[in-house]
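This report refers to the structure that appears directly beneath it.
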Amino acid sequence: MISGFKIVWTLNAKEELEKTIEYLENNFSDKEIKKLVQKIEDITELISQNPNLFQKSENNQIYKVVILKFNTLYYRSTNESIEILSFFSNRQNPKKTEKY
């Protein structure tokens with residue numbers, strides 16, 4: 001693995017991820033959780049190597065990437081790291097993402 005930018009999860013993003021995993025634990029099998037975790041690891045590795053790989057959101061300083069079908073990850077790049085801002089569930093009210 002080639003060294004890239006450090007990935008930093010904000011408290012908000014961690015809490016959203018925890019809620020998503022909790023939902024999956026209650027409604028799906030471990031297979032779906034493992035699939036999500038693997039996809040997150042793959043995407044964050046890509047982001048750490050090339051922060052500009054994914055499309056920018058409406059806010060030109062924030063990037064977004066769909067993680068599987070039901071979640072979108074929002075992040076921004078700094079000189080030292082990649083900051084994961086949100087792990088948004090696409091099942092929520094879309095107006096909640098307007099801040100990005």
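The values are calculated or read from the model by the stated rules, or taken from the named source; none is laboratory data. None of these values were measured; they are calculated from a predicted model. Positions of Cβ are generated from backbone atoms using ideal geometry, with glycine treated the same way; all protein chains shown enter the neighbour counts. Calculation scope for accessible area: heavy atoms of the full protein, side chains included, ligands and nucleic acids excluded. Shrake-Rupley method; radii C 1.70, N 1.55, O 1.52, S 1.80 Å.
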*Based on the mean of other Cβ atoms within 10 Å per residue, sort peptides 54-65, 20-31 so the most packed one is first.*
54-65, 20-31
_Going by amide H atoms built from the backbone, whose H comes under 5 Å of the H on N71, apart from near neighbours?_
N90
*Using 1/(1 + (r/R0)^6) with R0 = 30 angstrom and r between the beta carbons of V66 and K31, what's the FRET efficiency to the nearest 0.05?*
0.90
*Which Rg and Dmax, in Å, describe the Cα atoms of the chain?*
13.4, 40
_Count, lysine Cα pairs under 22 Å in region 19-70, 8 or more residues apart or across chains_ = 17
*asked:* Please report the carbon-and-sulfur percent of the accessible area for the chain; probe 1.4 Å, protein heavy atoms only, DNA, RNA and ligands left out.
replied: 49 percent
_Förster radius 25 Å - calculated FRET efficiency between E45 and K19, Cβ distance, rounded to 0.05_ = 0.60
*Accessible area of the chain divided out per residue, in Å², using a probe of 1.4 angstrom*: 68 Å²
*Alpha-carbon centroids, region 1-31 and region 51-69: separation in whole Å*: 17 Å
